Amino acid sequence: MIRDWAELDSSDPLRRYRDCFLGADDSSVPAYLDGNSLGRPTKAGVERVTTFMTQSWAGRLIRGWDEQWFDLPLTVGDALAAAALGAGPGQTTIGDSTTVLLYKLARGGVALRPGRTEIVLDRDNFPTDRYLLESIAAELNMSLRWIETDRREGVTPDQLSAVVGDRTALVVLSHVAYRSGFLLDAAEAARITHAAGGVLLLDLSHSVGSVPLELDSWGVDLAVGCTYKYLNGGPGSPAFAYVRAEHLADFAQPIWGWMGRADPFEMEQGYVAAQGIRRVISGTPPVLGMIAMQDTIEMLADVGMAAVRAKSVALGEYALDLIRELLVPLGVEIASPEDSSRRGGHVTIDHPDFERITARLWERGVIPDFRGPNGIRLGLSPLSTSFQEVHAGVSAIRDELLA
Ligand SMILES: *Cc1c(COP(=O)(O)O)cnc(C)c1O
């Protein structure tokens, strides 16, 4: 017996948060199931962006830099670290795209292990992660050690143990796999990487804001993540980077810009890295891009990641119940781990007709996304997705399969 969405929504302790999002009541979009690709905007964000433009920018003009913009990457970074990363202050900054930050951190990570020649990665990681590690290997004449990942699962401790060794400089893994939703055991990955003497860099793009993170206690060395997915920062909002405190004194990233220099305003000759996490910064921080995400960070701090995860798991289990009942009999296959403890915030299903069907779903305002070769990804945002949306989404997929 499938539970009733109305009952699930009315007993959801987080239900009032849905009201905090713009467009959540838009009847032309009965199911937005892509918040893991682009989170909805918050209502508070409209106010915050407007106030920023009318008062801070228009009113303070260039003086705004002195007041707080200069430190914003670090203050927002610390707020994010406390609310969602399980990280103490002084280790997190915001800026650049995920791609660029990942490049900077991966180069910095490799440089922490001079003389070592291998980078470990997996076949099913997000394309940008794979491509830029290929570029770093070419640039530094290093070798890539590929883990062959099962597309419906993720990297297991045994697979990782089998490829790391005394040549391993860096291991780069996604915490939640972008396609399957597989949830890595990050503490175990850190333990295995460190036992081989390597450095672990995690991509948190699909976990931050949906899965509780404990970067400090897990022993993760470096991490990056996206802010326009579960953090609702808006299209192209800047990513965040975490560098574990113990590495900061030696950490060297390759894009030496004036804003990462010790005292940038001296305009001196020669680059000397700033102390602390500021050395990860290269150029002028993307101030406007950091405004909207602050409301979600505040909400996450308010709700607590344990409650966020409980809602995320409930949405995932409900989606899977519906999928088993309504879609599996029509030939749909579940392409995510079914055990919630091994799955992040989204559920992927496969069917040969899904590319065609996704286009039809979008026309009717049912919005998951398609990930080739034949997967529909149902993104379930704990703060904004309702059980009604999950029901509407899976029902619409059934209608289209039967059409
Ligand atoms: C979304 C995502 C990115 C995005 O990178 P951009 O530079 O923002 O385009 C990178 N890695 C992973 C794992 C992602 O899920």
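Taking a ≥ b ≥ c as the square roots of the eigenvalues of the Cα gyration tensor of the chain, is the shape rounded (a/c under 1.5), prolate (a/b larger than b/c) or oblate?
Numbers: a/c = 2.10, a/b = 1.29, b/c = 1.64.
Taking the square roots of the gyration eigenvalues as a ≥ b ≥ c, the chain is oblate.
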Worksheet entry | Estimated vicinal HN-Hα couplings, Hz - the stretch 132-143 in sequence order (Karplus 6.51, -1.76, 1.60; Gly, Pro = x) | 6, 6, 4, 5, 5, 4, 5, 5, 9, 6, 9, 10
Practice prompt. Evaluate the distance, in nm, between pseudo-label points positioned 7 Å from the Cα of L22 and of S161 along their respective Cα→Cβ axes.
Written response: 5.1
Worksheet item: Residue separation times 0.36 nm, minus the C-alpha to C-alpha distance between R191 and R113: what's the value?
Response: 26.4 nm
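Could you sort the peptides 68-75, 325-332, 262-269 by per-residue average Cβ neighbour count (10 Å cutoff), highest mean leading?
Working: 68-75: 18.8, 325-332: 15.1, 262-269: 10.5.
Put in order of decreasing packing, that is 68-75, 325-332, 262-269.
Going by the alpha-carbon gyration tensor, a ≥ b ≥ c the square roots of its eigenvalues, is the stretch 79-225 rounded (a/c under 1.5) or, if a/c is not under 1.5, prolate (a/b greater than b/c) versus oblate?
Working: a/c = 1.39, a/b = 1.22, b/c = 1.13.
Rounded shape, in that the Cα axes give a/c under 1.5.
Run through the DSSP bridge list for the chain and note the antiparallel percent, rounded to the nearest 5. All intermediate terms of the calculation are to be shown ahead of the outcome.
Details: 21 of 39 bridges.
If we restrict to bridges inside the chain, about 55 percent are antiparallel.
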Worksheet item: What GluC sites (Glu not before Pro) in the stretch 145-188 are in a loop by DSSP, with at most 10 other Cβ atoms within 10 Å of the Cβ?
Response: E148
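If DNA, RNA and ligands are ignored and the probe is 1.4 Å, what is the ranking of R342, R244 by accessible area, most exposed first? Can you show the working numbers first?
Values: R342 90, R244 40 Å².
The ranking, largest first, comes out as R342, R244.
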Worksheet item: Given a 1.4 Å probe and every protein chain left where it sits, what share in percent of the accessible area of the chain is carbon and sulfur?
Response: 53
Worksheet entry | Using θ = phi - 60° and Karplus 6.51 cos²θ - 1.76 cosθ + 1.60, couplings along the stretch 210-221 (whole Hz; Gly, Pro as x) | 10, 10, x, 10, 9, 4, 4, 7, 6, x, 5, 7
Worksheet item: Build a GNM of the chain with springs between Cα atoms under 10 Å: which of L101, L202, L112 gets the top mean-square fluctuation?
Response: L112
Worksheet item: If you place +1 on the Cβ of every Lys and Arg and -1 on the Cβ of every Asp and Glu, how big does the dipole about the Cα centre of the chain come out, in debye to the nearest 20?
Response: 480
Response to the item:
Relative contact order of the chain (C-alpha contacts under 8 Å, at least 6 apart) in percent is 24
Worksheet entry | Folded to 0 to 90 degrees: helix 293-303 orientation relative to the chain principal axis, Cα | 70
Worksheet item: Sorted by accessible area (1.4 Å probe), largest first, how do S395, S210, S341 line up?
Response: S341, S395, S210
Worksheet item: Given the stretch 148-304, what percent of its DSSP beta bridges are antiparallel, to the nearest 5?
Response: 45
Worksheet item: What list of ³J(HN,Hα) couplings, whole Hz, do you get for the stretch 189-199 from phi and the Karplus terms 6.51, -1.76, 1.60, once you set θ to phi - 60° and write x for glycine and proline?
Response: 4, 5, 4, 5, 4, 5, 4, 8, x, x, 10
Worksheet item: Check L378: other-chain or 5+ apart residues with amide H under 5 Å from its amide H, H built from backbone geometry?
Response: V347, T348, I349
Worksheet item: Using a basic spin-label model with each label point 7 Å from the Cα along Cα→Cβ, how many nm lie between T51 and Q388?
Response: 3.0
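Averaged per residue, what accessible area in Å² does the stretch 1-160 show with a 1.4 Å probe, protein chains only?
On the way: 7960 Å² over 160 residues.
Each residue of the stretch 1-160 exposes 50 Å² on average to a 1.4 Å probe.
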Discussion item. Using a 1.4 angstrom probe on the protein heavy atoms only, could you order S10, S384 from most to least accessible area?
Written reply: S10, S384
Worksheet entry | Net lengthening on full extension, A58/E355 (0.36 nm per residue, minus Cα-Cα) | 102.3 nm
Worksheet item: When the chain is fully extended, how far beyond the present Cα-Cα distance does E298 get from T284, taking 0.36 nm per residue of separation?
Response: 2.6 nm
Item to complete: Amide H neighbours of D122 under 5 Å, at least 5 residues apart or on other chains, H built in the peptide plane: list them.
Response: I147
Practice prompt. Return one whole number: the accessible area per residue of the stretch 347-395 in Å², for a 1.4 Å probe.
Written response: 33
Worksheet, complete the sentence: Between D96 and residues 5 or more places away or on another chain, the pairs with built amide H atoms under 5 Å apart involve A239
Item to complete: Using only the Cα atoms of the stretch 181-298, build the gyration tensor, take square roots of its eigenvalues as a ≥ b ≥ c, and label the shape rounded, prolate or oblate: rounded if a/c is under 1.5, else prolate if a/b is larger than b/c, else oblate.
Response: oblate
Worksheet entry | Rg/Rg_globular for the stretch 323-387, with Rg_globular taken as 2.2 N^0.38 Å and Rg from C-alpha atoms | 1.12
Worksheet item: To the nearest 10 Å², what's Y32's accessible area with a 1.4 Å probe?
Response: 40
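The values are calculated or read from the model by the stated rules, or taken from the named source; none is laboratory data. The shown structure was predicted, so the numbers you read here are calculated from the model rather than taken from an experiment. Glycine gets a Cβ as well: all are built from the backbone with ideal geometry, and neighbour counts include every protein chain shown. Surface areas here come from the heavy atoms of the whole protein model, side chains and all, with no ligands, DNA or RNA. Shrake-Rupley method; radii C 1.70, N 1.55, O 1.52, S 1.80 Å.
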